[in-house]
Amino acid sequence: MKKLIGNTSGLKPDQIRRLENLYRRRIPPEFIITPEVARELCLITGEIRRQTGLLIDRRGRITSVIVGDNKRIVIPDLSDYRTAEQRLIGLRCVHVHMKNEALSRDDLTDLTLLRLDMIAALTLTKDGEPYEIHVGHIQPEKDSANYNIFLPLKPSQLDIGCIELIHEIESGLAQSKRSAPITGTTQERAILVSVSTDPKDKALESMDELKELALSGGIEVIECILQQRSKADPRFLMGHGKLEELSLLALQKGASIIIFDQELNPSQIRSITDQIAIKLIDRTQLILDIFAQRAITKEGKLQVELAQLKYMLPRLVTKNTAMSRLTGGIGGRGPGETKLELNRRLARKRIGQVEKDLELVIQHRQQQRAKRTKKNLPVISIIGYTNAGKSTLLNTLTKSSVLAEKRLFATLDPSSRRLKFPRDTEVIITDTVGFIKDLPKDLLVAFRATLEELNNADLLLHVIDLSNPRFEDQIESVEKIISDLELNNIPTIRIFNKQDIVDESTVQRMCRFFDAISISANNKSTLSELIEKMEQSIQSVSVQDTELFC
């Protein structure tokens, strides 16, 4: 590691020599910094009008002298200093603030993220002498914040038993690690963020759905943040100051991931990850991850992989460490251009292979459809918003045991069953993957083989969760996707599910307004009207239509 770091251009030879002379100083173990070294650092800072700082190891050696600008210093790459979860990095940072200010957000972020032994900020008197020193360290007990800040110290109070205190902190970290309950899970802890230009009620509804998605994906939600703006920031989505607050909040709350409700473009991902050194995904990536968890069949896994590859390909970018002051010690230097291009080439190659494999799936489905055509079996497809009760309806109609859970995207791989109506009309009834608002385009493309089943349906059953306060928006979202897939010509029955938990007068009014049938999908006695209408619709389809669309 270079000893003198930062922008030294414009400094006089005498000033550079004085900075270099600081390496010869040794800090006794009880001092965070000696009054003499603190005074010299402050005097140089006041003279050059730039922040300066020191990295000090546990032997009291000054390993680096850092020269910044008038606002901050840039901590160098500390990746050579290996650390574990219950250990600190073995370095403390002492620097001078130009203004009379305490530890900043950047300071506390560096402390927590880089796992520094301590962070300290010196302030100046009008004469450039040390005035106070503000000291912080990581807090082993995480009942509140991730850090502890001392009351301001005077230059005569720098003997704080520094090394002994650092060892106590590490002992506390090790103890908290040992006493932590063993859950057998590595559940992510997420902060959900929405930067919306929509009205507040609509933005909150979208945030609620994002929370449901996160819970469905096995993620613990620890905080939800909504920022309303007249126009989203093209670079950071939210304001830069708000982004810094978010970074610090994530560290304070012990978040392992930040999830944005809005889809982030490659440029925004790069800009935000330069400021936040915590895993970052958007709504689309979350949905793709849930799909990856749910995929069971080879077909489903291929479809999800294709969607993920197509989504990630344009987002394969190196982390911009030149602008980041937090890259040291967190593996942030990026794989380099050659490695990046290799990853892109491998991704494109894999996309081609997966597309070929899915073509074979399409051919197999076409063969299956040909067999059904020969048997003149009409096809009914159940569609609807995710978690509306589609699988439950299939199970009740056909006495099946398809997985039906109260969570988003419980069903990913489509299931088909035979159903015989009271008048001996026999059909194939198919459960499909649930739709959602702003369903990722890459998913629609990847699930082409599955969605092609809808092209061959004689009847669509649109299941709607009437108990959901957003059911009208969900109807609109589903019907938009049906329109995008050019399936408007297929007869459709709207079905309001969960009538048993909605006021009866509301059910009747909504059925009249939307021309729908109400049911409770888990109660067969409520399905008689639906079954009769289904059979009538199928019988009204001509033989010619059956041959064309089965």
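(1) at pLDDT 80 or above; (2) within 28 Å of the chain's Cα centre (by Cα): which one isn't true of Ala84, the others all being true?
Here Ala84 clears every test but (1).
Here are Ser64, Ser144, Ser79, Ser104: which of them is modelled with pLDDT under 95 and under 19 Å from Arg25 (Cα atoms)? First the steps, then the outcome.
Values: Ser144 fails: under 19 Å from Arg25 (Cα atoms); Ser79 fails: under 19 Å from Arg25 (Cα atoms); Ser104 fails: under 19 Å from Arg25 (Cα atoms).
After applying the criteria, what remains is Ser64.
Within region 253-304, track down each residue that is basic (Lys, Arg) and either within 22 Å of Lys231 (Cβ to Cβ) or in a loop (DSSP other than H, G, I, E, B) (or both). I'd like the intermediate steps shown before the answer.
Residues of region 253-304 basic (Lys, Arg): 253, 270, 279, 283, 294, 298, 301.
Answer for region 253-304, where residues must be basic (Lys, Arg) and either within 22 Å of Lys231 (Cβ to Cβ) or in a loop (DSSP other than H, G, I, E, B) (or both): Arg270, Arg283.
Please work out if Thr45 is at pLDDT below 95, hydroxyl-bearing (Ser, Thr, Tyr) and either in a strand (DSSP E or B) or not assigned by TED's automatic domain parsing to the domain that holds Ser156 (or both). Spell out how you get there, then give the answer.
Values: at pLDDT below 95: yes; hydroxyl-bearing (Ser, Thr, Tyr): yes; either in a strand (DSSP E or B) or not assigned by TED's automatic domain parsing to the domain that holds Ser156 (or both): no.
Here the answer is no, as Thr45 does not meet what is asked.
Could you please find all residues in region 452-467 being buried (at least 23 other Cβ atoms within 10 Å of the Cβ) and either modelled with pLDDT under 90 or not assigned by TED's automatic domain parsing to the domain that holds Leu439 (or both)?
Ala457
Quick check on my filter: what residues within region 21-42 are over 23 Å from Asp127 (Cα atoms) and either touching a Lys or Arg at 6+ places or on another chain (Cβ under 6 Å) or at pLDDT below 90 (or both)?
Listed by number, the residues that qualify are Tyr23, Arg24.
Against the condition surrounded by fewer than 19 Cβ atoms within 10 Å (Cβ to Cβ), among the basic types (Lys, Arg) and in a helix (DSSP H, G or I), how does Arg87 come out, does it pass? Lay out the reasoning, then the answer.
Working: surrounded by fewer than 19 Cβ atoms within 10 Å (Cβ to Cβ): yes; among the basic types (Lys, Arg): yes; in a helix (DSSP H, G or I): no.
So Arg87 does not fit the description; no.
A quick yes/no check of all residues on (1) without any contact (Cβ under 8 Å) to a residue 24 or more places away in the chain; (2) touching a Ser or Thr at 6+ places or on another chain (Cβ under 6 Å); (3) polar (S, T, N, Q); (4) not in a strand (DSSP E or B):
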position	(1), (2), (3), (4)
Asn489	yes, no, yes, yes
Ser505	yes, no, yes, yes
Met510	no, no, no, yes
Ile517	no, no, no, no
Ser537	no, no, yes, yes
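Take the conditions β-branched (Val, Ile, Thr), surrounded by fewer than 17 Cβ atoms within 10 Å (Cβ to Cβ), modelled with pLDDT of 80 or more and touching a Leu at 6+ places or on another chain (Cβ under 9 Å) and apply them to Thr506. Does it pass?
yes
Name the residues in region 240-292 that are among the aliphatic types (A, V, I, L, M), buried (at least 20 other Cβ atoms within 10 Å of the Cβ) and under 16 Å from Val221 (Cα atoms), would you?
Leu246, Ala250, Leu251, Ala255, Ile258, Ile259, Leu286, Ile287, Ile290
The values are calculated or read from the model by the stated rules, or taken from the named source; none is laboratory data. From a predicted model like this one, the values you see are computed outputs, not experimental measurements. Note: ideal-geometry Cβ built from the backbone for every residue, glycine included; neighbour counts use all protein chains shown.
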